[in-house]
Amino acid sequence: MRTPGARSIGVLGGGLAGLALAALLARRGHAVTVYEAGTPGGKLRRLPVADLIFDTGPSLFTFPGVWRAYLERLGRSDPLDLRPLPGGLGVHHTPHGPVPLPVPPGHPLYPHWARYVRAAAPARDAITDLLTRPPRLTDPQFVTASARLGRVLGPHVSAHAYLRALRLPPALHAALATHALNAGVGPRSGSALYALLPALIAHDVARPAAGMGALLDTLLRFGAEAGVQVRSGTPVERLDVRRAEATLHGGATVRHDLFVSTLDPGVTARLLGRPEPRGQRSVSGLAIYAALPVPAPLPPTSVLLPDDLDALDDARRIPALPAGTMTLVHADGRQLSVLLTAPATGLDMDLTHPWVQGQLARVERTLGQPGLLASAQATAVLSPADYARLGTPGGAIYGLTPPAWRAGPFHPTPYRPHARVWQAGSGVHPGGGIPAVLGGALIVDTLMARSRL
Ligand SMILES: Cc1cc2nc3c(=O)[nH]c(=O)nc-3n(C[C@H](O)[C@H](O)[C@H](O)COP(=O)(O)OP(=O)(O)OC[C@H]3O[C@@H](n4cnc5c(N)ncnc54)[C@H](O)[C@@H]3O)c2cc1C
């Protein structure tokens, strides 16, 4: 029996955003069905390589306060057992030498790191608030958090400007500026907000004890227990808002009182028969998962800086492959993951592609591990074409990027493109990532509840 006032809601996309929001809506008593084109999880899924299982997509769990807020809304205790990632954000290989983040006490850069962290500290709770609350000037907590963030950022709009004003030694400056790429853009286009990230996350970057796949299992379980139906292998091809109807692949139609799309806003617009929003795409990536015969003698996380930090700003405009790109390397026992940042041009590349070979040679050279990749028993590659197949144009991991000044409290809020259609997911919450999609689910859940659906 349905709760009075309960609606039938169709959620498009069974990635982390769709699953997280579906559980919240079902807990309010709505009848929720998730339509997923492939298998649930989206960018996060389990990938067998030789005798190992890799969790694809997100590797760093940040802003745990957002996860706690999500659990609190659902009234659940935390099953994830989040463990600090050994080595934090890892060793950053800058042109001026390696920089571990967080910089440990006793390191020559420590006094500068400590000054940078002190300056950013007041923003910590403010950002968690801003990630989880609808951006409304009528909400005193939103206004207080925005003001606190504003005081930390001062007059600086871009990550580059914020860091330059701190006058940090070049090695530390370069390591910190790289994190602007968490926004999917370079430090000149990326908001000053992203220059704060290492200070705010380096000490509590985590991963579930059982691996990132545990987050997917947990969201699926929360949904199942609240009555969410997940229909895998069911792409939605059209939304007819007048008839409250979605057309599925193959032509069948389903009716719901409301729809929530967690797909890229461009894809949602296409399903609605509207023109696609235009703008700059965030970066894409190429992920290589390698099963090694023996564990590699590497720190858990290494970061190779791009040769030219601003190249990815340019690469978004011209479909060029940057010479030396930002690269994240995770080593965990026999599992080696190499994530190359790539422009969102939907390119289908594998290990034989000359650009990929050049980047991997650079990784092996920088880490002093010649022949590391060639020693792998098996490898699997996910390219920008694979991310594009998940429904993000060009494979842009975080969809379109707003201008730097709109990345924080003033971000665009296309939460409700039609009275019957809501939007969530990484394309609506720029900066993407787990905190943004979980926080976005909380925001949309709040707004839907307030609108007395
Ligand atoms: C290599 C890589 C590394 C990353 N690292 C991190 C990290 O360290 N930390 C972090 O927090 N984040 C990270 N991220 C980002 C994070 O993975 C994403 O922001 C998050 O998983 C996005 O979730 P989503 O549900 O919004 O989108 P998606 O995961 O893309 O889910 C969208 C779903 O919609 C489905 N779909 C598409 N079209 C249709 C349709 N027409 N009908 C029905 N279903 C459809 C797709 O199949 C997909 O399952 C990383 C991403 C990548 C790719």
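The values are calculated or read from the model by the stated rules, or taken from the named source; none is laboratory data. The shown structure was predicted, so the numbers you read here are calculated from the model rather than taken from an experiment. Quick reminder, even Gly has a Cβ in these numbers, built from the backbone with ideal geometry, and neighbours come from all protein chains shown. Areas reflect the complete protein model, heavy atoms only, side chains present, ligands, DNA and RNA absent. Shrake-Rupley method; radii C 1.70, N 1.55, O 1.52, S 1.80 Å.
Observations
- Computed over protein heavy atoms with a 1.4 Å probe, the carbon and sulfur contribution to the accessible area of region 283-394 reaches 57%.
- Average accessible area per residue (Å²) across the chain - probe 1.4 Å, nucleic acids and ligands excluded: 41
- Of the peptides 142-155, 414-427, the ranking by mean beta-carbon count within 10 Å, highest at the top, reads 414-427, 142-155.
- Cleavage-rule hits (GluC sites (Glu not before Pro)) in region 206-282: DSSP loop, at most 12 neighbouring Cβ within 10 angstrom: none
- Coordinate range along principal axes, alpha carbons of region 110-196, Å, largest first: 42, 27, 20
- Estimated at 0.36 nm per residue, the fully extended path between ALA252 and ARG389 surpasses their Cα-Cα distance by 47.1 nm.
- From phi via Karplus (6.51, -1.76, 1.60), per-residue ³J(HN,Hα) for region 229-239 in Hz, x at Gly/Pro: 9, 10, 10, 6, x, 10, x, 8, 10, 7, 10
- Projected label distance in nm at ALA165 and ALA147, using a 7 Å step from Cα toward the beta-carbon: 1.9
- The alpha carbon centroids of region 194-219 and region 253-304 are separated by 17 Å.
- For the chain, the Cβ-based charge dipole about the Cα centre amounts to some 1380 debye (Lys, Arg positive; Asp, Glu negative; other atoms uncharged).
- Quotient of C-alpha Rg and 2.2 N^0.38 Å, computed over region 52-186: 1.21
- In the distance distribution for region 283-394, Cα-Cα pairs more than 19 Å apart total 42 percent.
- If R0 is taken as 45 Å, the Cβ-Cβ distance between ASP125 and LEU47 corresponds to a FRET efficiency of 0.80.
- Taking the Kirkwood radius as Rh and the Cα radius of gyration as Rg, region 212-367 has a ratio of Rg/Rh equal to 1.07.
- Translational diffusion coefficient (Stokes-Einstein; Kirkwood radius from C-alpha pairs) of region 40-80 at 20 °C, 1.002 mPa s, in µm²/s: 174
- Å³ per residue enclosed by the Cα convex hull of the chain: 139
- 222 nm mean residue ellipticity, helices alone, for the chain (DSSP H n ≥ 4; -39,500 (n - 2.57); rounded to 500): -9500 deg cm²/dmol
- Across all C-alpha atoms in region 153-197, the radius of gyration and Dmax reach 9.0, 24 Å.
- Region 1-113, accessible surface, carbon-and-sulfur percent (1.4 angstrom probe): 56
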